[in-house]
1. Check cross-link reach from Lys717 to the aspartates and glutamates: straight Cα distance under 19 Å, and skip same-chain residues fewer than eight apart.
2. In square angstrom, what is the accessible area per residue of the chain with a 1.4 angstrom probe?
3. So, counting K/R as plus one and D/E as minus one, what does the shell of residues with Cβ under 11 Å around Phe494 add up to?
4. Where in the chain are the DSSP H helices whose C-alpha atoms run 20 Å or more along the long axis and whose mean Kyte hydropathy is at least -0.5?
5. With labels modelled as points extended 7 Å from the Cα through the Cβ direction, what inter-label distance (nm, one decimal) is found for Ala695 paired with Cys669?
6. To check you understand DSSP bridge types, tell me what percent of the beta bridges within the chain (both residues inside) are antiparallel, rounded to 5.
7. Specify, per residue and in Å³, the volume enclosed by the convex hull of the alpha carbon atoms belonging to region 385-499.
8. Mind listing the Cα extents of the chain along all three principal axes, in Å, largest one first?
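The values are calculated or read from the model by the stated rules, or taken from the named source; none is laboratory data. Given the structure is predicted, the values throughout are model-derived calculations rather than measurements. Note: ideal-geometry Cβ built from the backbone for every residue, glycine included; neighbour counts use all protein chains shown. Side chains are part of the model used for accessible areas, which takes the heavy atoms of the whole protein and leaves out ligands, DNA and RNA. Shrake-Rupley method; radii C 1.70, N 1.55, O 1.52, S 1.80 Å.
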Amino acid sequence: MDMATPDHQQRLFFTTGRHGPAVEPVAPLHLRPALLAPYADLTRLRYDFPLVLVDAVDAGDAVRSLTSIVDALLLEMAPRGLEGERLRRHVLRLERAIRVMVAGGERGLLSALWTRAASNLARAEDASAEQVLLHVAAKLPVDGQVVDCDPALVRRLFDHLWDVEYARKRRAFRQTVDRLVVRLSDILRASFLNSDAGREPKSLQAALGGTHRELFDFDVMSRLVTRGRTGGELPDVRRARIERTLAVLRQQRFFVDAEDDDAKAAVRAGFRFEDCAAAAAAFRSRLPQIVEVVRAMAIAELDVDGRYVEDKHDPYFEGFDGSGLVADYLALFPDALVCIPPERNDAPENAALLDLLSSGFPVKVVVQTTDLVEDAPAVAPHFAFGVRSMRLANLATGLGGVFVIQAAASHLPALAGALERAFAHRGAALASVYSGAPQAGPMPHYLLAAVASDSRAFPAFVYDPYAGDNQAARFALHANPQTEADWPMASVEFADRKHQRVVERVALTFADFALCDVRYARHFARVPREHWHPALVPAADWLARDAGSQSDLLPYVLGVDAEGVLHRVVVDARLMETAARVRTFWHRLQEQGGIHNSHADIAVAREKAKWAAATAERDATATSSVATAADAVALERPPADATAPEVAAAAPQRNPDEPWIETSRCPSCNECQTINDRMFRYNENKQAYIADITAGSYRQLVEAAEACQVAIIHPGKPRDAAEPGLADLLERAKPFLA
Ligand code: SF4
């Protein structure tokens, strides 16, 4: 029998992971973080899923949430107020019905799901609803395949984005090439008409064509157009060059007929890969064809304008081998799409991922991750937190020119605009996506991914290398909640044992994320209520302490079970170490995003110190100027009364017991107003002064003096002799008395 005290058992669990009566395993409870308690049924929420992969999109909005489509419809069709209420109710019920169908695994076009949901609703609830809802369906602004936040999402979404970008490039390419083909053909046709063969009666008849042929005598016409002919046929060399160019442009296979589904499928298959090595090999083998088309386009541009000079351009194009192909030319062609599934992240053929990204190949790589807490081998028993996933995206930002997005699957809709920009980017792009995993347990993938993102386990960021010429423009962290904080906080409401409503502010930490995944249940132990004690502290508080003060305490997170019962769960030391590393990594991202940037903080402090010194010097100079001027006055106009005071003495003598601020030296740091904004105010120069000494306590005066960065607040003596703690406050005020 284990005779250890509950406290000892808990500490033993913390260091060794061993359970006991005072620390019970959590696996049977299927706990989720207390902050997720309100999200037991996602189908009742209007949120970013399901998504519609919009068909035939020209620009922007290639991906839309069902909710946004319904909102747009209602805005257009349902009048405000009671009049539109019935329609709104019907449509919102239908939206929920589609959400339930999709959560149950149904897929298809939005229009098809809409029709099915409308007839289901009519059957089950209100027969009149079907006509109304089918009428609304006819007004759907878009259609497309409906997808949910499930294991297939990443592949489907990125395939769709590739299709959208391919269609955009196809339109641009066809526009350019079709124009060149028409103009080159016109040159050939005009030349033919100018030639002997072109003036033959038969040729003239073919050229005129149409219904008026019978009206003309083409023999006579041939004699007339031939009379006085001065030539004008194309030189053979030019004709041959134009014919070669036209053949290349007409036969290229990068952009096929939009209606030819088989040809499109073949092109698509040729540009999609599951590993980096295959994508690189395909690009190398395709490069000669790209070079040939680029050369043909360049020659055509010169020829249609009559600017092709054989002596100059022939040698250039003969030596044109693509070695100087720039991103602008490569961007005309489809990019390769490499979707690396989670089980292939470590495969040898993906080892050169960073080389591929930095090589200049036009490639978009999607790395999907399902596990953010990787147990290292037994020889080094510690967590190797997200080595292959989390750091990968951050590493890629240093490669130069690579567009990088890191996001959990839950946040992909919010980043749809950035994803479209990544696909349109002239160069390589990397998307690193955490998608949740079936092995993680029963929690919906959306929630698991959302917690991964919000708990800083897999924060979202976008790095657009050409968004601007500084890091602030290029790096964005804004898709994360409460970016200033280590961990986001939210309120949890629950009833205590006396059935009283309690609201508690709770942080969402990395430990909360790990609690969502059954694979890490061994790192948690439930503490029965009778064994709670003051040394149990929230994990965020524990992490905020220094190592010395952590040792007396034990970190816990709040979990809620299927019945909605709240539990305190101790987290073991190994997971807390990982949580600390996650926070460190988050701090680095914050710095990259300009939040708590250590360089900026140091620079601001340095500038403030310089400013304060300059102000002090200016004040001293001003004082001495006044004194000098006064001396001059005194010399010119000696005092009538030798006992009259000196000019310098005209400055009022301060009563050392009165509080005051050296206002002219105030660099406006705002600290004093944070303590009491009625006692301390700014003047018109935005410099602090004591506006109302009765508006606060002596304690606040002393605290403001201590907080003031340039030590210019002098608290004087207390006005209220009965204020508590005066002896201590007077001691603290001593350094500031003047
Ligand atoms: S704390 Fe000091 S420096 Fe800051 S605003 Fe107040 S008086 Fe000025």
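1. Lys717 reaches Asp657, Glu658, Glu662, Asp692, Glu703, Glu706, Asp728, Glu731.
2. On a per-residue basis, the chain sits at 51 Å².
3. -1
4. Counting only whole DSSP H runs, the qualifying helices are 82-103, 110-124, 153-194, 276-304, 598-636.
5. According to this spin-label approximation, the distance is 2.1 nm.
6. 65
7. So the per-residue hull volume is 143 Å³.
8. Over the chain, Cα extents along the principal axes are 128, 98, 69 Å.
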